[in-house]
Amino acid sequence: MSSLSIMTSISERSERRGPLPPRPQEDDCPNYETAVSRSNSNGTGRSVQFSPSVYNNELNQSTSPLNVSRRHPRPPTRHERYVYTYRLAANNTPMQFMISVEPESGRAKPGKYTFRLTFKTNGIERAICEPTTRALRVNPRELDFIVFIFPGKQGLPTGSLWSLRVWLRVNSVDHRLFGEDELWVGKDPDFNAIGDASFARLKTAVVGEQIYNAYVGRALVTFTMRWQNVSSNLYKYSLEYDAEGVGDVLFEDYKLRIDSDPRAVTFLIFTTPTPSVPTNASHKLRVWLRSLVPLASIDPATSYALPFNDSYIYQRIYKCDSFKIGARLDFETLGPKMVMAFSSGIPETVTSQSAAALVDEDLHSVHSTHSVKDVKSEKRGHVKENRSAHQETVIALEKYSAQSFSSQELPIWLAIIPSQSAVGDTWTPFCLEYLTAKIHRVSAIRTPLEFQEVSDLLRCLRVRDDLRCKCDELLPDLADGEILGWDVEVFALFLK
C-alpha cells in the first residue's frame, strides 16, 4: 500500500504540473522486479538496470506556457542484466554463486543471452568458468537454477577440493550451463600435510605490491604480486617471478572484487617438485588467495582478538604444472649418450634498420607481420631502408656501366631492377636520373654493343608501369644523342 500511495502522489503532482510527454514503448516486457520463488533452494534474484533518469529536469522545472512546443529528448537505450544469487556452506566455508543473465539486445525480450558465473567468499568475488550463451524465449526475470557442489577427487590439502555444477531449469527441463571440477576453497586447510612443499615467505608489502621469496629447486626465486584499482572495489592483479635477473609474467589482468582493503589480502605461494632428469628441474606451482575471517563471524561472544584465534579462508587462483627452474642442476645424469655442445665464442651482433626487418628475417615467423599500420608507424625506418637499397642500385648500375657483367650474369641483372623496385617509389626517380645522365654522357653510340647496353638498361626499367612512360620520353633524347645508323622507331620496336 505504501508503494501505491507514493505512485498516486507522484501522479497527482504531475497532473498539477501539466502532462508529461509520453515515454516511448521500448520494452516488450514490463519493467518490474520479480521475486524468484523456489521450492528447494535459497537462491535470490535481482534485476540490475542502467537507465539514467531523463525527466529530472522536467520534474524540477515549471512548464512555461510560452514554451508549448518544447521538444523532449528521447531517453537513452537501457541495458539490463539479471543477477541471481545462490548461497551455501560447506566445511564451515560460506559461499555465494552469482549468475548474471545478460540479453544481447540489452532488453528483456526473446533472443540471445550470455550467462556469466562468479564465485564469492569472505568478501572476495572472482569469475569462474567461461561465459556461455543460450537463446531464450522465456522471461529472463523468472529463471530457476540448480546450483550444487560435491567433493572432488582426493588432493592436498584435504577437504578443499570441490566440483561445481550449475543447471538451468525451465518448465521441468534442465539445461547444464557450468561445470568446474577444480574449485579449491576452504577454511584453515592443513597445508602442512604437503610434506615436500616449499612455501614462499612475505618479504615486503607496500601500496599496490607484495614481494615473496622462495627456494625452488635450490634457486632463490622472488615472486612479486601487484594490483591496481580499476573502478570502485574492482582490482586487477598480476604475478611475476625473478631469479638472478631472469623472470617472466605468470599471469596478469586477473580481476577480483574486494569488499575490504586489498592490503589485507595476502597470498600463499608454494611449489612441489615433480620427477625430472636432472632432479629439481621441474616443479608444480600453486598460488592461493588468503583472506582473514572477521572476528564476529567466528564467535559473536568473543570481543577480543588473539593471534591464535585468527582464521583464514583460502582459495586457489592459479596453478602451473611445469615450472622449469633450478640451481646447480647436474645434467651429466642424463647418461653417456648425451652429447653436450660447446660455445663458439662471443655472440654475433646482428643489426637492422627497424624491428620489422628483424621479424622478416626470423625463421620462427610463419609470415610477414607487415601491415598498413606498421608501414605508417615505421615510415622513418623504411626511408632509411630505401636509401640503402638506392646505394645497392648505384653499385649495380655502375658495375653494368663498366661492362663487368658477363653474358651469363646479364639475366641476373635484368631481374635486379624489378626486385629492387618493391622497396619503394622513391627508387624510381633515382634510376631515371641515372639513366638520363648516362644517355647525355654518351656522345655517340656507334657500335651495336653500345646500343645493346643502353637498350638493355631501358628494357629493365620499362618492366614497371610507372617507368615505361618515362623511358619512352627519353627515346627522342637518344635519337638526338647521335645514335648513328639507327632509327628511333626501330629502337622503340627493339625494346618491345
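The values are calculated or read from the model by the stated rules, or taken from the named source; none is laboratory data. Quick caveat, the model's predicted, so the values are computed rather than measured. No Cβ is skipped: glycine too gets one built from the backbone with ideal geometry, and neighbour counts run over all protein chains shown.
Observations on the model:
- Verdict on Phe150 being in contact (Cβ under 8 Å) with a residue 24 or more places away in the chain and either touching a Leu at 6+ places or on another chain (Cβ under 9 Å) or in a strand (DSSP E or B) (or both): no
- Annotation: of all residues in segment 159-196 being of a type in the set (Asp, Glu), modelled with pLDDT of 95 or more and not in a strand (DSSP E or B), the one that is farthest from Ala127 (Cα to Cα) is Asp190.
- Within segment 336-355, the only residue that satisfies the criterion of being of a type in the set (D, E, K, R) and either at pLDDT below 90 or within 37 Å of the chain's Cα centre (by Cα) (or both) is Glu348.
- Members of segment 75-116 that are of a type in the set (A, V, I, L, M) and assigned to a loop (DSSP other than H, G, I, E, B): Ala108
- Candidates Asp259, Asp253, Asp242, Asp248, filtered to the one that is more than 25 Å from Asp196 (Cβ to Cβ) and without any contact (Cβ under 8 Å) to a residue 24 or more places away in the chain: Asp253
- Residues in segment 135-158 that are under 27 Å from Pro189 (Cβ atoms), of a type in the set (A, V, I, L, M) and at pLDDT 95 or above: Val147, Ile149.
- Residues being within 25 Å of Val101 (Cβ to Cβ) and among the hydrophobic types (A, V, I, L, M, F, W, C) - total across segment 165-200: 9
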